[in-house]
Structure formats: C-alpha cells, structure tokens
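Nothing in this text is a laboratory measurement; each read-out follows from the coordinates by a stated rule. Worth saying up front: this structure is predicted, and the values here are computed from it rather than measured. Heads up, the Cβs are rebuilt from the backbone with ideal geometry, glycines too, and the neighbour counts pull from every protein chain shown.
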Amino acid sequence: MARIRSKDTKPELALRRALYAAGLRGWRCHPKNVSGKPDVAFTRQKVAVFVDGRFWHGHPAYFTPGKSGRYWDAKIARTQERDRLANAALTQDGWTVLRFWDFQVEDELLACVEAVNAALARHS
C-alpha cells in the first residue's frame, strides 16, 4: 500500500492539466484550510473537486463488501463516511462539491471539465 498515491494520481493530474488547458485558473491543490482537502479547490467561487478512486472509495461496480475481508470492508466504509462528512461540511459552508470517479476522468475528461466550468459559472 505504500506505493498507492493519495494525491497527484494520474486521473487527478489529467484533470488539472485539462482545467488549465480550458483556461480555468485560480484553483488550489489539496488546501489544508478547506474541509476534506479537495483535490482541486476554487476558493473564491467555493467549488471543491474530488477525484475518487474506484476501489478506495467503494464504487459498487469495483468493490463488493465481504469479498476482500472485514479489514477492507471497514476501511472502505470509513472512507465513504469521511467523504459524506466532507460533503456535508463543505455544503454547509456554501461550497459546491463535485466528485468524479477516477474512471470518469479517464474516460470522459471533457465532460468533467465542463461540469467544473458550469459550477464555476453558477458562482460567478
């Protein structure tokens, strides 16, 4: 597990490059002063973007509870609860939260960039 990255993953880097190429600027990476430390945060517009790994965040098509054992079930459940708490805290503070699965970023990069752009437009 030491080789598993928690930040600067390939999908996250791809999204950041695409956001930059689309002319979207003013974001911060993993800001410590924002609940949940989003992968990309537009602090002025209060838009938080997370890129979630399919296994680590428990996507139903990629993680089956009970298959990998109790340790992993508990670990994934904690991750999902942490995601829910971060979403709630950010929403309560007036943030728009966007969560993309890593495979969404890989397969539908432009759609993800458009979703971020639309969220920013709503907050401008």
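Summary table
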{"read-out": "Residue list for the stretch 83-115, restricted to those being in a strand (DSSP E or B), of a type outside the set (A, V, I, L, M, F, W, C) and closer than 13 Å to D52 by Cα", "value": "R99"}
{"read-out": "Some residue of the stretch 40-54 being outside any loop (DSSP other than H, G, I, E, B), free of Cβ contacts under 8 Å to residues at least 24 places away in the same chain and touching a strand residue (DSSP E or B) at 6+ places or on another chain (Cβ under 8 Å)", "value": "yes"}
{"read-out": "Qualifying residue in the stretch 56-72 (condition: of a type in the set (V, I, T) and buried (at least 17 other Cβ atoms within 10 Å of the Cβ))", "value": "no"}
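To keep it simple, each residue is scored yes or no on (1) closer than 15 Å to K7 by Cβ; (2) small (G, A, S); (3) in contact with a Cys (Cβ under 9 Å, 6 or more places away or on another chain); (4) surrounded by 14 or more Cβ atoms within 10 Å (Cβ to Cβ).
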| position | (1), (2), (3), (4) |
| --- | --- |
| W27 | yes, no, no, yes |
| V47 | no, no, no, yes |
| V51 | yes, no, yes, yes |
| L85 | no, no, no, no |
| E114 | no, no, no, no |
